[in-house]
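Data first, discussion second: the structure below is written as structure tokens.
The values are calculated or read from the model by the stated rules, or taken from the named source; none is laboratory data. Since we're looking at a predicted model, the values are computed, not measured. Cβ: placed from backbone, ideal geometry, glycine included. Neighbour counts: every protein chain shown. To get the accessible areas, we keep the full protein, side chains included, count just its heavy atoms, and leave off ligands, DNA and RNA. Shrake-Rupley method; radii C 1.70, N 1.55, O 1.52, S 1.80 Å.
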Amino acid sequence: MTHDATPSPSAGRRFRAYTAKHLDELTARAGLGEAERLAVRAVAAVLPFRVNSYVIEELIDWDAAPDDPIYRLVFPQADMLPQTDVARIADLLRAGAPAGEVNRAANEIRARLNPHPAGQMDLNVPTIDRRDPLEGMQHKYHETVLFFPKQGQTCHAYCTYCFRWAQFVGDADLKFASGEVDHLVAYLKEHPEVTSVLLTGGDPMIMGEAVLSRYVEPLLGVDTLESIRIGTKSLAYWPQRFTTDPDADDTLRLFERVVDSGKNLAFMAHFSHPREMAPELVQRAVRRIRATGAVIRTQAPLIRTINDDAATWETMWRTHVRHGMVPYYMFVERDTGPQDYFAVPLARAYEIYRGAYNRVSGLARTVRGPSMSATPGKVCIDGVAEIAGEKVFVCHFIQARDPELVGRPFFARYDEKAAWLFDLEPALGAERFPWEQAPPEDAALLDAAHP
């Protein structure tokens, strides 16, 4: 491929990270008073904060802060956690308490925030020879394995809504990570049903090309593997990774090698708001990635106060198609961290999805949603209907822990306040959902009826 060498306005700018120690200065720039800045610092003692110079200088509209959606996307909000928890941490910070005491209090709060939803720590962990658990891997769905390279377990900036927030708080017991790509290859050879590997994090694109290659190259020799996916926010938060970083060209050549090996390289790009696509630098990065033969698919959760209206999603999907990307998922905010703060009720989520979907062309209607990545699988809300006089959500499994459930429709009672799968109840006389086991007494009756 020919690598475009045209300099961009942001060319040569070095990466600079801002962390919690910079919060007071940055939130003052947003116009927050002293008490609110302390409350934000208290929230950041519990949930991770990290941003960079590109996001600060190119994406945030500081004249609109703190209401600016990109500001809200990366900066903690004073009311993201229960008021009593915020006050407890704020009192410790005000009193100059030792860091260990603050962290112990923060850990107590984190433990109540469901740090690893959907059975990630117990139900999804694969083993070799059915004995030894493999660290830094998850195998929930029949065809797909997730791998967490240890050098990729941070991001260029953290999203306030991130369901992987537990990866970033410095607690080894909460973190997925592995440096053993040989274990991944061995597992894939033992499980030929796995046709896709997702490198995830954190963000694998935080790694330099030399490190990334050590994880990707061994996968090219696994014949049963059809696709390699990279889950990343780098296009939105640091497009220099593909344009002006010292190893940008080498990274693109690695992408070419994946494609030349006969495998699909799926670049799973997270865009949460249309403004993330506005800089020319991002558009140039997209062109360079697509020129390698990689397919860029876009996805994001529906987040209250950031992108919770149909016009925002319509603009995003149209922009993505215009630049050759494939709209893929609208997710529902997961049941972890500050879910109550960011969640949009499922009924409203469906209306937003439908409102955007019916105003885009067929090329953008590749997108699926609103989708919940819950314990039994990815559940999509297909609509609201009235059946036999009962108002219901019409749902189906896009993906499932039990492959027999994939594509299977089911119904849930309509509830305008429900924001997650487990807020719902079965409809139309059903006593349980398809993934739920029969109670023991019912199972005993079935056994007696069918000896």
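Summary table below
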read-out	value
Condition broken by Q437, with the remaining ones in (1) more than 27 Å from I303 (Cβ to Cβ); (2) open to solvent by 70 Å² or more (accessible area, probe 1.4 Å); (3) touching a Lys or Arg at 6+ places or on another chain (Cβ under 7 Å) satisfied	(3)
Single residue of R284, R288, R253 found to be at negative phi, open to solvent by 50 Å² or more (accessible area, probe 1.4 Å), at pLDDT 95 or above and of a type outside the set (A, V, I, L, M)	R253
Single condition F49 does not satisfy, out of (1) of a type in the set (F, W, Y); (2) part of a loop (DSSP other than H, G, I, E, B); (3) in contact with a Lys or Arg (Cβ under 8 Å, 6 or more places away or on another chain)	(3)
Those residues of the stretch 33-65 which are without any contact (Cβ under 8 Å) to a residue 40 or more places away in the chain and under 20 Å from A87 (Cβ atoms), in sequence order	G33, E34, A35, R37, V40, A44
Pair list, Cβ < 8 Å and 6+ apart or interchain, from the stretch 415-435 residues that are among the basic types (K, R) to residues that are in a loop (DSSP other than H, G, I, E, B) and open to solvent by 20 Å² or more (accessible area, probe 1.4 Å)	K417/P345; R432/A438
Test: residue in the stretch 296-310 that is part of a loop (DSSP other than H, G, I, E, B), hydroxyl-bearing (S, T, Y) and in contact with a strand residue (DSSP E or B) (Cβ under 7 Å, 6 or more places away or on another chain)	no
Answer residue from the stretch 361-391, given it is in a loop (DSSP other than H, G, I, E, B) and open to solvent by 10 Å² or more (accessible area, probe 1.4 Å) and is modelled with the lowest pLDDT among those	T375
Filter result (within 19 Å of R241 (Cβ to Cβ), touching a His at 6+ places or on another chain (Cβ under 9 Å) and open to solvent by less than 20 Å² (accessible area, probe 1.4 Å)) within the stretch 129-160	none
Breaking point among (1) modelled with pLDDT of 95 or more; (2) over 23 Å from P301 (Cβ atoms), for R408	(1)
Residues that are part of a loop (DSSP other than H, G, I, E, B) and either aromatic (F, W, Y) or open to solvent by 30 Å² or more (accessible area, probe 1.4 Å) (or both), drawn from the stretch 340-354	P345
Every residue from the stretch 196-213 that is at pLDDT 95 or above, out of contact with any strand residue (DSSP E or B) (no Cβ under 7 Å at 6 or more places or on another chain) and surrounded by 18 or more Cβ atoms within 10 Å (Cβ to Cβ)	I206, E209, L212
Count - residues of the stretch 396-440 that are at negative phi, among the hydrophobic types (A, V, I, L, M, F, W, C) and in a loop (DSSP other than H, G, I, E, B)	10
Residues within the stretch 294-339 that are without any contact (Cβ under 8 Å) to a residue 40 or more places away in the chain and open to solvent by 40 Å² or more (accessible area, probe 1.4 Å), tallied	3
Test: residue in the stretch 89-102 that is of a type in the set (D, E, K, R), in contact with a Leu (Cβ under 7 Å, 6 or more places away or on another chain), at negative phi and open to solvent by 40 Å² or more (accessible area, probe 1.4 Å)	yes
Hits in the stretch 65-87 (condition: more than 16 Å from R29 (Cα to Cα), among the β-branched types (V, I, T) and crowded, with 21+ Cβ neighbours inside 10 Å)	V86
Residue check for T195: β-branched (V, I, T) and within 29 Å of V406 (Cβ to Cβ)	yes
Residue in the stretch 392-403 that is surrounded by fewer than 20 Cβ atoms within 10 Å (Cβ to Cβ) and among the polar types (S, T, N, Q) present	no
